[in-house]
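What follows draws every value from the coordinates through simple rules; no lab data is involved. On a predicted model such as this, the values are computed, not experimentally measured, just so you know. Neighbour counts are summed over all protein chains in view; Cβ atoms, including those assigned to glycine, are modelled from backbone coordinates with ideal geometry.
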Amino acid sequence: MTQKPRWGELEEEDDGGDYDYLLPPKQVIGPDEHGLKKIIEYKFNDEGNRVKITTTTRVRKLANARLSKRAVERRSWPKFGDAVQEDVGARLTMVSTEEIIFERPRAPGTKAEDANASGDPLAQMSKGGAVLMVCRTCGKKGDHWTSKCPYKDLAQPTETFSENPNPSDSSATGATKGAYVPPTMRAGAVRTTAGADMRRRNDENSVRVNNLSEDTREPDLLELFRPFGNVSRVYVAMDQKTGMSRGFGFVNFVRREEGERAIAKLNGYGYDNLILSVEWAAPRAN
Amino acid sequence: MRPILMKGHERPLTFLKYNRDGDLLFSCAKDHTPTVWFADNGERLGTYRGHNGAVWCCDVSRDSTRLITGSADQSAKLWDVQTGTQLFTFNFDSPARAVDFSVGDKLAVITTDPFMGLTSAIHVKRIASDPADQVGESVLVLKGPQGRINRAVWGPLNKTIISAGEDAVVRIWDTETGKLLQENDKDIGHKKTITSLAKSTDGSHFLTGSLDKSAKLWDSRSLTLIKTYVTERPVNAVAMSPLLNHVVLGGGQDASAVTTTDHRAGKFEAKFYDKVLQEEIGGVKGHFGPINALAFNPDGKSFSSGGEDGYVRLHHFDPDYFKIPSI
């Protein structure tokens, strides 16, 4: 591995940035008696390191290998009958413009998977009645695992927020950068006011979610917030007259830290094409 | 895969046959000229002009030099494969239907339809190695089955002839004495006309397709029923893969009802079944009418289908096909 030379150290080149002349020429070895052909190439990768690429391919003459001597002979037979004076425009033989697939009644590979699943204790249990297989993307039970969900590409990647670990300090204190935190909720004030008896039960660790799409229902919200901890209540505000969602809802967590984590993660999170705003619910004015 | 479409026939296809090397494909249709194609790229090599009626069946000798065809013009003809010249004509008093060369190509079986008061018959002809010595006399004539005999093939070691036809019974005949040796059990047999019959490569078993929407696999010697493949439409054509444990059934609804139904409802597809498990493993669509003829290339890597729509579709399988799990 040699470091790509710095441009300043190089003499000026017309095709600046192309250092291919520094590389050994491409080598082609073979094909040998087994039909193996080796191609050795050198190139710079993105980090400027020189890499050697060896490609080994097998060369096979399919048509001749398959045909017998008699068949090869037949190949050169003159045309006869109506085939002698065939007009060029006749187009008797055409390659289908349509790609025809070998249609499987089951999706390819499902059978093999079933065989695997029979040895899987989890699958055994799910057959026994308990539905353990719940897809987190589309919510279907017992049909497939989340990673196998056919709607995987359409949904938001739910794993992302649990995957990249947030700096624990900021989530513990609830002071996420940029998000406004009311003075009563700030790190120092939390301890003293959080347990205030003034609050109603419903307000305990209640998180307000704004900018929900109209299609979002309580189960969806539960789905969204459950990864952060035990959710004691979910509520989506509905318009009494129209029955439509009013676009916001509340989620109550059992523990405050869980709520903090949810706010830290989901505030600004794209959900159903809308950017959520998640904050602590303001205590009811009474 | 992208099938190769061969439009050499103006009328519905009736039969397809590969030669032993799998480089030539012979097609018969209700127009009067059987045609030979290169089986790899679908190029037309030649036609065999001379029949004056629908050609129902053909067979090619093992060395790919002789072709025999059976036609509704009450004749069966021997052809030179390379030049397309007629070598001999066997004349009958009724339309010829099925033809088959024996192992060794010394004999041929030809069936004739019931016609103008004549009953159907199975004729065995001796095939001379030199066409000049060819005679038209039958070595053996077998009679008895009612209705058309749609297929007749040679059994193991040329000792028997297996026939099947409109009366839905599979029969095994002795070629020495001309006696009927076996008939299949009525309870397990087909319920309607048997339209096609295909032998396995080694001849140990054969597959019959019937209008009763099923295909059955039989032992060639004992005539025991081995497997049954049930489908949704009448079966006009059957084929067995020489490479994998697959059978192909082709069919679709009756040609007379085609114009009144959507082509999707007709199920004009070649259906692949696992030979052992009797499970459907796939389908290949494309024809605009029922499939009348199916043939597997002897290498098992391609197959062709001929339809009522007049097209031969030659399919070279994608690599995925060979990865289908099997037991």
query = Could you state the principal axis extents of the C-alpha atoms in the stretch B:139-198, from the largest down, to the nearest angstrom?
reply = 31, 20, 19
query = Hey, what's the per residue convex hull volume over the C-alpha atoms of the stretch B:152-262, in cubic angstrom?
reply = 102 Å³
ask   = To the nearest 0.05, what FRET efficiency results for B:Leu157 and A:Leu23 with a Förster distance of 60 Å applied to their C-beta separation?
value = 0.30
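Tally Lys and Arg at +1 and Asp and Glu at -1 over the other residues with C-beta under 14 Å from the C-beta of B:Phe206: what net charge comes out?
Computed value for this residue: +4.
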task = Could you list which residues have their amide H under 5 Å from that of B:Ala39, counting only those 5 or more apart in sequence or on another chain, with H placed in the peptide plane?
result = B:Leu24, B:Leu25
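Roughly how big is the stretch B:134-251's charge dipole about its Cα centre, with Cβ charges of +1 (Lys, Arg) and -1 (Asp, Glu), in debye to the nearest 20?
Values: 15 positive and 12 negative charges, 42 e Å.
Result for the stretch B:134-251 is approximately 200 debye, rounded to the nearest 20.
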Cα-based Rg / Dmax (Å) for chain B = 18.2, 53
request  = Using only atoms on other chains, find how many Cβ atoms lie within 10 Å of each Cβ of peptide B:34-43 and report the average.
outcome  = 4
Restraint check, B:Lys30/B:Lys216; A:Lys148/B:Lys285; A:Lys79/B:Lys106; A:Lys79/B:Lys17, Cα-Cα greater than 22 Å = B:Lys30/B:Lys216; A:Lys148/B:Lys285; A:Lys79/B:Lys106
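Tell me, what is the FRET efficiency for B:Arg11 and A:Ile39 to the nearest 0.05, using R0 = 51 angstrom and their Cβ-Cβ distance as r?
On the way: r = 53 Å, r/R0 = 1.04.
Efficiency, rounded to the nearest 0.05: 0.45.
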ask   = Rounded to a whole number of µm²/s, how large is the Stokes-Einstein D of the stretch B:36-86 at 25 °C and 0.890 mPa s, given Rh as the Kirkwood radius over C-alpha pairs?
value = 215 µm²/s
inquiry  = Taking R0 as 51 Å, what FRET efficiency do you get between A:Arg217 and A:Thr184 from their Cβ-Cβ distance, rounded to the nearest 0.05?
reply    = 0.95
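Please state, as a whole number in µm²/s, the translational diffusion coefficient that the Stokes-Einstein equation yields for the stretch B:50-134 at 20 °C and 1.002 mPa s, with Rh defined as the Kirkwood radius across alpha carbon pairs.
This corresponds to a translational diffusion coefficient of 169 µm²/s.
When the Kirkwood radius is taken over all Cα pairs of the stretch B:8-48, what Stokes-Einstein diffusion coefficient follows at 37 °C and 0.692 mPa s, in µm²/s?
Diffusion coefficient, whole number: 325 µm²/s.
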key: Extended-chain gain in nm, criterion 0.36 nm per residue less alpha-carbon gap, A:Asn49 and A:Trp77   = 4.4 nm
key: Local net charge near B:Glu166, Cβ-Cβ under 13 Å (Lys/Arg +1, Asp/Glu -1)   = +3
query = Once you put a point 7 Å from the Cα of A:Arg233 and another 7 Å from the Cα of A:Asn210, both along the Cβ direction, what distance in nm separates them?
reply = 2.1 nm
remark   = Output for the stretch B:107-176: GluC sites (Glu not before Pro) sitting in coil per DSSP, at most 16 other Cβ within 10 Å, listed by number, reads B:Glu137, B:Glu176
remark   = Within the stretch A:247-286, DSSP-loop trypsin sites (Lys or Arg not before Pro) with at most 11 other C-beta atoms within 10 Å are A:Arg284
inquiry  = Bin width 5 Å, origin at 0, all Cα-Cα pairs of the stretch B:105-184: what percent of pairs per bin?
reply    = 3, 15, 27, 24, 16, 9, 4, 1, 0
